[in-house]
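As structure tokens, the structure follows; a few thoughts come after it.
The values are calculated or read from the model by the stated rules, or taken from the named source; none is laboratory data. Please read these numbers as outputs of a predicted model, since none were measured by experiment. Note that we place each Cβ from the backbone using ideal geometry, even for glycine, and neighbour counts take in every protein chain shown.
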Amino acid sequence: VTIEPNAVFRAGLRASTPVLLGVFPFGLVTGVAMAAGGIPPAEAILMSIIVFAGASQLAATQLLGSYAPVAVVLVTAFFINLRFVMYSASMRSHLAGLPFRWRLGLGYMLSDNAYALCITRYTQHPEEPHKHWYCLGACLPIWVTWQFATILGVVAGASVPHSWRLEFAAPLAFVAMSVPLLRDRAMVAAALAAGITVVLASGLPMRLGLVLAAVAGICAGLLSERASSNPASP
Amino acid sequence: MSLASIWLAMLGMGVLTLAFRSSFLLLPERIGLPPLLRRALRFVPAAVLTAIYAPELLVQSGTGAGLGGHERLLAGIVAIGVAWRYRRTFLTIGAGMLALHLFIQLGARLAVWSVP
């Protein structure tokens with residue numbers, strides 16, 4: 001029995017459905033926070049299309065709102081997005097040999113959720129053909145839902161009174177993104193070290209504290225991982 | 001914030017995000033990630049996301065009376081607890097917003113009582 005690209009594509013579409021329930025509210029919150037944080041509606045909607053990364057969009061809103069230079073926004077986005085390098089490295093073998101436009105297009109849409117769906121499928125069905133069609137099927141609904149939700153959020157956020165303090169939704173969204181990552185001791189160590197460092201370094205110019213915090217977090221994570229992997233060592 | 005800085009940030013972030021997401025999909029097969037870098041990258045999201053919100057919780061609001069302007073911190077602690085327990089995005093944000101407004105109300109009452 002030959003498997004059609006169409007069938008694989010539809011399997012991707014189906015797999016993405018439950019994920020959309022999480023993408024929609026997060027997009028809504030991002031849209032609201034961008035509007036409440038002072039990004040004009042047209043730019044906020046455009047940012048969702050060009051950047052298509054919630055954490056970066058929220059961080060940019062917070063930083064620009066506190067008059068940080070653009071360079072600081074980009075350094076922050078650099079660190080937030082480092083995880084995507086990891087994703088693309090692990091997806092590569094499954095998408096080998098595709099035309100350039102496919103690799104660039106799938107790369108553009110490779111969000112956290114889409115990556116999780118694809119890598120799960122590829123691990124469970126390593127021999128399945130047309131893997132790129134599965135990826136496209138998983139990515140497309142997430143992309144469409146994200147755009148729809150952020151537009152809705154931008155429109156709603158622009159008409160919400162300031163007394164609701166919706167700008168606080170941005171840091172809360174980061175809490176919601178980061179806390180579920182803390183599944184082992186090394187991750188907790190990384191988060192704690194980063195949080196403490198950034199607060200202690202808050203007096204430094206150009207938000208250097210964020211870079212120091214990232215380095216401190218990585219070191220704490222690696223050290224904690226090593227400590228727990230060989231408990232017998234002195 | 002100026003419109004120019006919004007546009008610069010948007011275009012820069014767009015290029016950066018696309019470059020990272022498609023990085024290894026576009027690079028030649030023989031280039032890979034060294035093992036230590038791969039292990040280090042695992043900790044980046046937790047470290048950076050925490051470093052972004054931590055200072056935001058310490059921003060003091062209001063006059064410092066009542067709860068001493070620590071409403072954001074208290075609401076953040078509630079949100080962290082909810083996120084730890086339930087791992088739900090919307091629930092976490094909802095609980096944090098609700099807690100912020102409750103603490104602001106509470107702070108205002110405490111401030112009224114503490115006036116001699």
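Quick notes on this structure:
- Wholly within the stretch B:1-110, helices (runs of 4 or more DSSP H) carrying at least 1 residues that are at the interface with chain A (Cβ under 7 Å from one of its Cβ atoms) and more than 20 Å from A:Pro171 (Cα to Cα): B:3-26, B:35-41
- Just one of (1) touching a residue at least 24 places away in the same chain (Cβ under 8 Å); (2) surrounded by 15 or more Cβ atoms within 10 Å (Cβ to Cβ); (3) not charged (D, E, K, R) fails for A:Gly38. It is (2).
- Count of residues meeting criterion [aromatic (Phe, Trp, Tyr), crowded, with 21+ Cβ neighbours inside 10 Å and more than 22 Å from A:Ser48 (Cβ to Cβ)] in the stretch A:88-115: 0
- Scanning the stretch A:222-234 turns up no residue that is modelled with pLDDT of 95 or more, within 9 Å of chain B (Cβ to nearest Cβ) and within 21 Å of the chain's Cα centre (by Cα).
- Once the stretch A:143-165 is narrowed to residues that are surrounded by fewer than 23 Cβ atoms within 10 Å (Cβ to Cβ) and among the hydroxyl-bearing types (Ser, Thr, Tyr), the residue that is modelled with the highest pLDDT is A:Thr145.
- Those residues of the stretch A:63-86 which are more than 7 Å from chain B (Cβ to nearest Cβ), in a helix (DSSP H, G or I) and surrounded by fewer than 24 Cβ atoms within 10 Å (Cβ to Cβ), in sequence order: A:Ala71, A:Val72, A:Val75
- Of all residues in the stretch A:182-204, those that are within 13 Å of B:Tyr53 (Cβ to Cβ) and crowded, with 17+ Cβ neighbours inside 10 Å total 4.
- Qualifying residue in the stretch A:122-134 (condition: facing chain B (nearest Cβ under 9 Å) and either more than 21 Å from B:Ile52 (Cα to Cα) or not small (Gly, Ala, Ser) (or both)): no
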